[in-house]
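**Student:** Sharing a structure here in structure tokens format.
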């Protein structure tokens, strides 16, 4: 159970930061906010997502927080921490929402003042929308919450992250190493987005709109993408993503070669393998 | 309006042939059936999809039919027609359900006896299931019905195909040339299936099941695939499909190159293009 006397601070009131603020406030926690833009800060204040907030001169909010949630892209988080990290008070345990962890967790943990602890986590609840104005639409219940502890983390901080995820409404909470997380994300999320975007970029397909069915619609739904955020996530995880692209491309080239060679058996083999693997997914998928 | 005194014959009582029989019978037409396997023929008889049916010695059914629907794969359709095509009576207008047209329409039209006309069409209502036992689950209302006339076709036959599609419940009926149809299908359907299958074949991903979200699920739903049918469809349209694979792969390789070069601008450009194109689809998609 999370201690309700602790003060929470959300830095970066975007889609996810805003949703964290909303859910924590609804659950009875004291939540303050820091945001660069005045408009979104006002939105969060007016809708009761945060008790108070600032766009600058926020040192007091930082140094009085028991727990901080960083709703920032990795580059912005590291930069923010370089400037203000020394203000965090001893005993402060904080987390982030970033979709990539390598290159982020180690440097931020290394910069932590004595007694301050960073336990990284990733709420896998992406949407095609962004900004605090859509935060209330996010649904955490069916999504995975992944905690990525390192050897620097204490059992207390890991437990805090789990309790936080429960308050936020996640039903699926698990831990992975930083490396496992980024490899997994490279395949199940980033490669899918790379494929959907490439499919849309490959062809000026506007004349084909009226002929598309469910398969095309399903495959390209995620081609509607936040350009700044995904460029950041792709580049921060580029080694894993490039390796996944190459593995996928090898399979696609095998299929192409079977077509060129009129190799019906090889095609049927691939179709049976994919059907069999996909069936296993249908069984194991969480609700 | 279709003439209800005409006799219909469905050759091949699979998922689509079965659905055609069911809908025509419901609408008050006389429908007979021919099927290779006794079991599925019995199912169609017992469920009232057809008035009568045979697995062999069916010459009388063929020569008395005013309209025939071929629910066969292209290879099987051509083979059947070589053997029994001469039995079709003058005035008979018939169609098929095949997902590819090049290589099928011309030879079958060339084999037609005098006074017999083949007007090809494609009901774009694929499912992951097959066989007559699932025919009743197919929903034609949101799907496209594409008629692919050639210079050999008469306005009467094209009108018959349109009227047939209406009786079957299609709301979206249009005509394309054989070449336009197969090129479009190569992109909006076959390339999507090639990608989904390659994505599943690329990686023994069973350990990742629990981490997959909507994007991965959407992208791979169609990786559950009828191996015999899709091998046939892919090979019959291999020139178009290979060309679509190459175009898609070029876009994917552009993205890979941008990752290698840390070219954030290029990535963001691709994301904006895909978002813009996808938005146009959302607007134009039929209900």
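**Student:** What is the mean number of Cβ atoms from other protein chains located within 10 Å of the Cβ atom of each residue in peptide A:95-102, rounded to a whole number?
**Tutor:** What the average comes to for A:95-102 is 0.
**Student:** Angle between the Cα long axis of helix A:192-201 and the longest principal axis of chain A, 0 to 90 degrees, nearest 10?
**Tutor:** So the helix axis and the longest Cα principal axis differ by about 60 degrees.
**Student:** Another question, if that's okay. Taking the 0 to 90 degree range and rounding to the nearest ten, how far is the long axis of helix A:227-236 tilted relative to the main principal axis of chain A, both from C-alpha atoms?
**Tutor:** On a 0 to 90 degree scale, this one is about 90.
**Student:** Let me ask something else about it. Give the calculated FRET efficiency between residue B:243 and residue A:177 to the nearest 0.05, with a Förster radius of 60 Å applied to their Cβ-Cβ distance.
**Tutor:** That pair, residue B:243 with residue A:177, gives E of 0.90.
**Student:** Could you pull the copy-to-copy label distances for residue A:129, with points set 7 Å along Cα to Cβ, in nm to one decimal and sorted shortest first?
**Tutor:** So the label point of residue A:129 gives 3.5 nm to the other copies.
**Student:** Considering only DSSP beta bridges whose two residues both sit in chain A, what percent are antiparallel, to the nearest 5?
**Tutor:** Antiparallel bridges: around 15 percent, rounded to the nearest 5.
**Student:** Please compute the average number of Cβ atoms from other chains found within 10 Å of each residue's Cβ in peptide B:31-40.
**Tutor:** 0
**Student:** Only bridges with both residues in the stretch A:7-176 count here: give the DSSP antiparallel percent, nearest 5.
**Tutor:** 15 percent
**Student:** Turning to a different aspect of this structure: Which of the three applies to the stretch B:1-129, rounded, prolate or oblate, going by the alpha-carbon gyration tensor with a ≥ b ≥ c and a/c under 1.5 meaning rounded?
**Tutor:** Rounded, since a/c falls under 1.5.
**Student:** While we're on this one: From Cα pairs below 8 angstrom and at least 6 apart in sequence, can you work out the relative contact order of chain B, rounded to a whole percent?
**Tutor:** Relative contact order comes out at 15 percent.
**Student:** Determine the shape class of the protein assembly as shown: with a ≥ b ≥ c the square roots of the Cα gyration tensor eigenvalues, call it rounded for a/c under 1.5, and otherwise prolate if a/b is greater than b/c, oblate otherwise.
**Tutor:** Prolate, since a/c reaches 1.5 and a/b exceeds b/c.
**Student:** If you average the C-alpha positions of the stretch A:20-88 and of the stretch A:108-165 separately, how far apart do those two centres end up, in angstrom?
**Tutor:** Here the answer is 15 Å between Cα centres.
**Student:** Right, next: If we hang a label 7 Å off Cα along the beta carbon direction at residue A:177, how far is it from the matching labels on the other copies, in nm, shortest first?
**Tutor:** 5.9
**Student:** Next question, about the same structure. Going 7 Å from the Cα of residue A:6 toward and past its Cβ, which residues in the stretch A:40-67 have a backbone nitrogen under 11 Å from where you end up?
**Tutor:** Hits in the stretch A:40-67 for residue A:6 at 11 Å: A:66-67.
**Student:** Nearest 10 degrees, 0 to 90: what angle lies between the long axis of helix A:155-168 and the longest principal axis of chain A (Cα atoms)?
**Tutor:** The helix A:155-168 is inclined about 80 degrees to chain A.
**Student:** Kindly give the distances from residue A:5 to its copy-mates, label point to label point, with each label point 7 Å from Cα along Cα→Cβ, as nm values to one decimal ordered shortest first.
**Tutor:** 9.4
**Student:** Taking the Cα centre of each part, how many Å lie between the stretch A:185-248 and the stretch B:216-235?
**Tutor:** Between the Cα centre of the stretch A:185-248 and that of the stretch B:216-235, the gap is 19 Å.
**Student:** Rounded to the nearest 500 deg cm²/dmol, what is the calculated helix-only ellipticity per residue at 222 nm for the protein assembly as shown, with -39500 (n - 2.57) per DSSP H run of length n ≥ 4?
**Tutor:** Helix contribution divided over all residues of the protein assembly as shown: -14500 deg cm²/dmol.
**Student:** Same structure, new question: Between B:186, B:71, B:169, find the one with the highest GNM mean-square fluctuation for chain B; connect C-alpha pairs within less than 10 Å.
**Tutor:** B:169
**Student:** I would also like to ask the following. In peptide B:222-233, what is the residue-averaged number of other protein chain Cβ atoms found within 10 Å of each Cβ?
**Tutor:** Mean shielding by partner chains, rounded to a whole number: 6.
**Student:** What is the stretch B:181-284 by shape, rounded, prolate or oblate, if you read a ≥ b ≥ c off the alpha carbon gyration tensor as root eigenvalues and call it rounded for a/c under 1.5, prolate for a/b larger than b/c, and oblate otherwise?
**Tutor:** Oblate shape, in that a/c is at least 1.5 and b/c is the bigger or equal ratio.
**Student:** How compact and how long is chain A, expressed as Rg and Dmax of its alpha-carbon atoms in Å?
**Tutor:** When restricted to Cα atoms, chain A yields Rg and Dmax of 21.3, 70 Å.
Read-outs throughout are calculated quantities, based only on the coordinates presented, and are distinct from any laboratory measurement. All values reported here derive from a predicted model rather than from experimental measurement. Cβ: placed from backbone, ideal geometry, glycine included. Neighbour counts: every protein chain shown.
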